[in-house]
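The values are calculated or read from the model by the stated rules, or taken from the named source; none is laboratory data. The structure presented is a predicted model; accordingly, all values stated were derived computationally and were not measured. Cβ coordinates were reconstructed from backbone atoms using ideal geometry, including for glycine residues, and neighbour counts include every protein chain displayed. Please note that ligands, DNA and RNA were not included when accessible areas were found on the heavy atoms of the full protein model with its side chains. Shrake-Rupley method; radii C 1.70, N 1.55, O 1.52, S 1.80 Å.
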Amino acid sequence: MNAPNLLTISRFLLIPLFVVVFFTGHSVSAFWILVLAGATDVLDGYLARSRGQVTEIGSMLDPLADKTMMIAVIISLLISGMISWQAAAAMFIRDAGMIIGSAFFHFRGKKTVPANAMGKLTTVLYYFAIMFIIYRFPFAEAYLWFVIVFSFATSIMYIFKFKSINREKLPE
């Protein structure tokens, strides 16, 4: 257990805190808990790479923590009526698909695609969408749909990258 992995585990602990704060009527404070979770994600990644502490468990737990937090946020926004069920379903399908797909292929011995700039940009765009929704900006829903479409495009890029790094060479 190293510092980056402890930070990742802390993100799992922030999920119920987010939910409790959100549903006690403090959606703005809950948003800042989400931002704190995002900051720990950035920090754990930086520490893991800079200190040479990248671990297999960390590589699995890190995206799981991120996706689990996003699913909690999606469900919270849906239950509160802040987003439509269609937006929630699209976001949930993408995130759940990424979790299930990554786990399925990881346990089959396939290489997984590490986070790249497009994936990180997608996360930042989602954070802005959530902020716009919570702060009730008039364009929040339209922006959210833009991010949803962008996230699916990013997922398609990940699928092509996955296929590329797992392509088996044919015997010559």
Failed condition for LYS120, given (1) touching a residue at least 12 places away in the same chain (Cβ under 8 Å); (2) under 15 Å from the mean Cα position of the chain (by Cα): (1)
Quick check, is PRO138 modelled with pLDDT of 95 or more, more than 19 Å from the chain's Cα centre (by Cα) and loosely packed, with under 13 Cβ neighbours inside 10 Å? yes
For segment 36-60, which residues satisfy the criterion of being touching a residue at least 24 places away in the same chain (Cβ under 8 Å), of a type outside the set (A, V, I, L, M), open to solvent by 90 Å² or more (accessible area, probe 1.4 Å) and part of a helix (DSSP H, G or I)? none
On the given criteria, is PHE150 surrounded by 11 or more Cβ atoms within 10 Å (Cβ to Cβ) and at pLDDT 90 or above? yes
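Check LYS161, LYS67 and return the single one that is of a type outside the set (Val, Ile, Thr) and touching a helix residue (DSSP H, G or I) at 6+ places or on another chain (Cβ under 8 Å). Step through it out loud before you land on a result.
Details: LYS161 fails: touching a helix residue (DSSP H, G or I) at 6+ places or on another chain (Cβ under 8 Å).
The unique qualifying residue is LYS67.
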Please determine whether any residue of segment 124-132 is more than 19 Å from the chain's Cα centre (by Cα) and aromatic (Phe, Trp, Tyr). no
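Among what's in segment 153-172 and is without any contact (Cβ under 8 Å) to a residue 24 or more places away in the chain and either aliphatic (A, V, I, L, M) or surrounded by 14 or more Cβ atoms within 10 Å (Cβ to Cβ) (or both), pick the residue that is nearest to ASP62 (Cα to Cα).
Within segment 153-172, the subset without any contact (Cβ under 8 Å) to a residue 24 or more places away in the chain is 153, 156, 159-160, 163-164, 167-172.
Cutting the leftovers down to either aliphatic (A, V, I, L, M) or surrounded by 14 or more Cβ atoms within 10 Å (Cβ to Cβ) (or both) gives us 153, 156, 159, 170.
Working: ALA153: 22, ILE156: 21, ILE159: 19, LEU170: 34 Å.
By that ranking, first place goes to ILE159.
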Among (1) under 18 Å from THR8 (Cα atoms); (2) within 13 Å of the chain's Cα centre (by Cα), ILE93 falls short only on (1)
Among the numbered conditions (1) farther than 18 Å from VAL19 by Cα; (2) crowded, with 16+ Cβ neighbours inside 10 Å; (3) modelled with pLDDT of 95 or more; (4) among the hydroxyl-bearing types (Ser, Thr, Tyr), tell me where SER84 comes up short. (2)
Evaluate segment 66-81: report whether one residue or more is free of Cβ contacts under 8 Å to residues at least 12 places away in the same chain and either in contact with a Leu (Cβ under 6 Å, 6 or more places away or on another chain) or surrounded by 14 or more Cβ atoms within 10 Å (Cβ to Cβ) (or both). yes
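Test SER29 against the criterion of being without any contact (Cβ under 8 Å) to a residue 60 or more places away in the chain and within 20 Å of ILE99 (Cα to Cα), and give yes or no. Spell out how you get there, then give the answer.
Values: without any contact (Cβ under 8 Å) to a residue 60 or more places away in the chain: yes; within 20 Å of ILE99 (Cα to Cα): no.
No: the conditions fail for SER29.
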Give segment 93-107 a look and list any residue that's within 20 Å of ASP62 (Cβ to Cβ), free of Cβ contacts under 8 Å to residues at least 40 places away in the same chain and open to solvent by 60 Å² or more (accessible area, probe 1.4 Å), or say none. ILE100, PHE104, PHE107
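So is LEU14 of a type outside the set (D, E, K, R) and either closer than 20 Å to VAL124 by Cα or crowded, with 17+ Cβ neighbours inside 10 Å (or both) or not?
yes
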